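The values are calculated or read from the model by the stated rules, or taken from the named source; none is laboratory data. Owing to the predicted nature of the structure, the values given are computational and were not obtained by experimental measurement. Glycine also receives a Cβ, built like all others from the backbone with ideal geometry; neighbour counts cover every protein chain displayed. To get the accessible areas, we keep the full protein, side chains included, count just its heavy atoms, and leave off ligands, DNA and RNA. Shrake-Rupley method; radii C 1.70, N 1.55, O 1.52, S 1.80 Å.
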Amino acid sequence: MDSQITEVVIRSFGAYTILLIINNMLGKQTLSQMTNHDFITSIMMGAIAANLAFDTQVSYWHSFIALLIIGGIGYSTTYLSMKNRGVRKWFSGSPSVFIENGKILESNMKKQKYNMDSLNQSLREKDIFNIEEVKYAVLEPDGHLSVMRKEKGANLFPVELIMDGKIVEKNLKDIKLSEDWLIKEVSRRGYAVNDVFYCVRGPDGTLAFDYKDDRLKAPIDRER
């Protein structure tokens with residue numbers, strides 16, 4: 001076999017192996033819910049890996065180091081996004097409301113470069129052919145559209161009040177509740193706000209909590 005072909009084969013296997021390792025480090029969300037920084041990281045790693053595989057004029061070690069750097073940046077942004085909601089919002093973006101109480105918010109659509117044809121197509125993909133059926137439509141950070149239909153008894157979205165142990169002040173203000181009220185609700189259950197991983201207020205006003213310490217003696221499944 002020609003030595004250059006042999007080198008391409010070895011480099012291809014090497015590039016594939018490195019990408020597989022880095023992808024496992026970045027986690028499954030990169031595949032299922034690709035956000036802005038996931039998209040950029042994936043494109044850059046793909047381009048570098050392609051050059052590593054077949055461009056024998058490019059140093060193997062230079063490409064390898066570049067892959068490690070981009071993979072490290074991707075891992076760092078993912079880790080920081082998990083730890084801090086502000087960082088997560090900056091790197092991944094935040095949801096954009098396109099329809100609220102049946103009214104189209106043109107300014108939000110314009111900011112996201114989203115037109116009515118795209119909106120109607122996304123609604124049709126959810127079997128909605130009449131926009132009057134829609135109460136809320138939200139463009140998620142990963143680009144898919146979440147929709148709530150108009151129906152009796154569904155006047156509100158579930159509202160997130162605590163994320164990663166931090167009170168979401170804006171959401172509390174939107175539903176006209178105070179931090180003191182929320183802190184008392186948490187205390188009444190024997191916890192502090194810092195102990196709460198996630199808290200959401202349902203459409204019926206009930207609170208659902210998930211705590212950092214789930215107190216499960218033997219979880220059914222645990223990632224290793």
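Take the alpha-carbon positions of segment 112-154, form their convex hull, and give its projected area averaged over all directions (one quarter of the hull surface) in nm².
3.3 nm²
As a quick test, which of the pairs Lys113/Lys212; Lys173/Lys212; Lys150/Lys184 have an alpha carbon distance above 31 angstrom in this structure?
Correct reply: Lys113/Lys212; Lys150/Lys184.
Give the value in nm², to one decimal: projected area of the alpha carbon convex hull of segment 104-192, averaged over all directions.
Reported value for the Cα convex hull: 7.8 nm².
What distance in nm separates the simple spin-label points at Ser76 and Met25, each placed 7 Å from Cα in the Cβ direction?
Here the modelled spin labels are 1.2 nm apart.
Let me understand segment 164-208 better: what is its radius of gyration from the alpha carbons, and its Dmax, in angstrom?
10.0, 26
Over segment 117-204, with every protein chain in place, what whole percent of the accessible area is carbon and sulfur at 1.4 Å, could you tell me?
48 percent
Which of the GluC sites (Glu not before Pro) found in segment 104-185 are in a DSSP loop and have at most 15 neighbouring Cβ atoms, other than their own, within 10 Å?
Filter output for segment 104-185: Glu125, Glu151.
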